[in-house]
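The values are calculated or read from the model by the stated rules, or taken from the named source; none is laboratory data. Nothing here was measured: the structure is a model prediction, and the numbers come from that model. Here the Cβ is made from the backbone with ideal geometry for all residues, glycine too, and neighbour counts use every protein chain on show. SASA here: full protein model, heavy atoms, side chains in, ligands and nucleic acids out. Shrake-Rupley method; radii C 1.70, N 1.55, O 1.52, S 1.80 Å.
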Amino acid sequence: LHIEEERTELARRLDPVTGGGIDEAWVWKDPAAERGEGVVMLGPGSDQLKDLQTKLVSGTVPSLLRHNSTEKRAKRTIVQKYVPSIRWEGRHKFDLRIYWLVVSINPLLVYYHDGHVRVSLTEYDPNDFSEQNLKSHLTNVAQTLASRGDSNEKVDEHDVLDLAIRSFDDLDGILREHMASQPHESSHFDARMLADPLSHIRERMKDVLQTTVAAFRETVFSPEGCPADNCYALYGADFMIDEDLNVWL
């Protein structure tokens, strides 16, 4: 939101007459925060969303103030549309953490590797975007452990992680169940997606990573962007899957 053109576009999208975005859910995030902190859910038609739209129209740079935020950091925030996703066993949000390894920048070589699935253990309510229900929308492991620690019962961290961190084999079963529940005449899915949805997801994630690497090639993945003779680095990336099997970074 620190970029004027982006603020203007978001104000247009949230215009209640012409944009339609005021009736959709959005997420407001501090990109410098971690462990699931610095996230605010903006529900459809909520007072927070209307207040954001009012500030944008007036030319104000909205701030996402936190107890540890500087004024400059508070204004360097991101607003993006909320992605309704497939639910784990029909009741929980989840996302995918995958890994990509840069083994060389000259020549540029990047390898993909499966990671794991992160499942929120708080039951998901698609109509509740309140702060009290925030943890049902977040899949970050730190937030999952915190949500279990909120109860008075003694919590074994390893037991929680066994439930919150799942394998890609588990994901394959969830995707196949989802595909089996879709109408056979659905035009969203071709025969390959129906037969092997996990392979489809992998290929789409690789496509997104390829685009991401290309976007930063000149500034990061190049001899000019790397201080050493060559570079070797391991990165993580998080993806969500919507009901049409589109992936979102």
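Give the calculated FRET efficiency between Tyr99 and Asp190 to the nearest 0.05, with a Förster radius of 30 Å applied to their Cβ-Cβ distance. Working shown, then result.
Details: r = 28 Å, r/R0 = 0.93.
Step by step, r from the Cβ atoms, then E = 0.60.
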Query - Asp244 - accessible surface, heavy atoms, 1.4 Å probe, Å² rounded to 10 - result: 60
Query - Theoretical gain in end-to-end length, Thr219 to Gln48 [0.36 nm per residue, Cα-Cα removed] - result: 57.9 nm
Query - In Å², nearest 10: area of Ser46 left accessible to a 1.4 Å probe - result: 30
Report summary line: Heavy-atom accessible area with a 1.4 angstrom probe orders Arg166, Arg76, most exposed first, as Arg76, Arg166
Query - Ranking by accessible area, most exposed first, for Cys231, Cys226 with a 1.4 Å probe - result: Cys231, Cys226
Report task. Go through Lys29/Lys135; Lys29/Lys55; Lys81/Lys206 and tell me which ones have a Cα-Cα distance over 19 Å in this structure. Result -> Lys81/Lys206
Query raised in the report: Accessible area of Phe129, 1.4 Å probe, to the nearest 10 Å²?
Result: 30
